[in-house]
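Presented below is the structure to which this report refers.
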Amino acid sequence: MNASSGPEFSWAQVCARRLERHWLAAPSENGRPADIVRAMCGAHAQVITAAELSVGIRTSGPSLAEVRRALWDDATLVKAFGPRRTVHLLPADDLSLWTGALGAIPPAAAPSGGFLTAAQADEVVEAIAEGLGDGELSVDELGEAVIGRARGPGRVNL
């Protein structure tokens with residue numbers, strides 16, 4: 001250990017610590033889903049079953065039911081935009097911490113080079129309502145309907 005730079009760890013030691021801390025080396029015997037998600041810094045939840053499995057493999061016992069209960073009944077977990085600006089499960093008690101921290105990160109530029117103005121956002125919402133006015137649509141059909149209605153001179157650049 002170099003006194004001026006702090007302790008040194010090998011890559012194997014770093015990996016072993018992470019596996020242990022995230023309950024991948026051995027499942028938690030008594031960790032609650034919110035505690036496990038907290039240690040993981042959020043569980044990726046674009047697909048909710050993937051999040052349930054991600055948390056579930058880290059605990060022993062009836063894990064999937066516990067994760068579902070924590071999310072839908074106990075509200076100790078919440079679905080929110082988390083790290084990497086994707087849907088994650090986060091501990092409800094930590095939501096203000098996450099929103100504050102993630103809110104401090106500058107937003108990435110939209111592909112068009114800018115962001116929607118309030119008027120453009122209203123136009124997109126109106127285009128969605130108009131597109132769905134004719135009945136149910138698939139995601140692809142709705143996308144085409146919105147783009148068809150929202151494009152044009154001085155309109156949203158989608």
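The values are calculated or read from the model by the stated rules, or taken from the named source; none is laboratory data. In this text, all values refer to a predicted model and were calculated from it rather than measured experimentally. Neighbour counts are summed over all protein chains in view; Cβ atoms, including those assigned to glycine, are modelled from backbone coordinates with ideal geometry.
Brief remarks on what is shown
- Qualifying residue in the stretch 31-38 (condition: part of a loop (DSSP other than H, G, I, E, B) and either in contact with a Pro (Cβ under 8 Å, 6 or more places away or on another chain) or in contact (Cβ under 8 Å) with a residue 24 or more places away in the chain (or both)): yes
- Of VAL78, VAL37, VAL87, VAL14, all but one fail to be β-branched (Val, Ile, Thr), farther than 20 Å from GLY100 by Cα and either modelled with pLDDT of 90 or more or surrounded by 11 or more Cβ atoms within 10 Å (Cβ to Cβ) (or both); the exception is VAL14.
- From the list ALA26, ALA43, ALA50, the lone residue that is in the same structural domain as ALA92 (by TED's automatic domain parsing), closer than 18 Å to ALA75 by Cα and hydrophobic (A, V, I, L, M, F, W, C) is ALA43.
- The stretch 134-151 residues that are farther than 18 Å from GLU123 by Cβ and assigned by TED's automatic domain parsing to the domain that holds VAL124, paired with ones that are not β-branched (Val, Ile, Thr) and not in a helix (DSSP H, G or I) (beta carbon under 7 Å, 6 or more apart): none
- Residue satisfying all of: in the stretch 40-60; outside any loop (DSSP other than H, G, I, E, B) and aliphatic (A, V, I, L, M); surrounded by the fewest Cβ atoms within 10 Å (Cβ to Cβ) among these: ALA50
Here is a yes/no grid of residues against (1) modelled with pLDDT under 70; (2) over 30 Å from MET40 (Cα atoms):
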residue: SER96; (1), (2): no, no
residue: GLY100; (1), (2): no, no
residue: ILE105; (1), (2): no, no
residue: ALA109; (1), (2): yes, no
residue: SER112; (1), (2): yes, yes
residue: PHE115; (1), (2): yes, yes
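- Matching residues, the stretch 61-81, being closer than 20 Å to GLN46 by Cβ and either in contact with a helix residue (DSSP H, G or I) (Cβ under 6 Å, 6 or more places away or on another chain) or of a type in the set (D, E, K, R) (or both): SER63, LEU64, VAL67, ARG68, ALA70, LEU77, VAL78, LYS79
- Among residues of the stretch 65-84 that are in the same structural domain as ALA50 (by TED's automatic domain parsing) and without any contact (Cβ under 8 Å) to a residue 40 or more places away in the chain, those with a beta-carbon under 6 Å from a residue that is part of a helix (DSSP H, G or I) and among the acidic types (Asp, Glu) at least six positions away or on a different chain give the pairs VAL67/GLU52.
- Just one of the listed residues (GLU66, GLU8) is among the charged types (D, E, K, R) and part of a helix (DSSP H, G or I), and it is GLU66.
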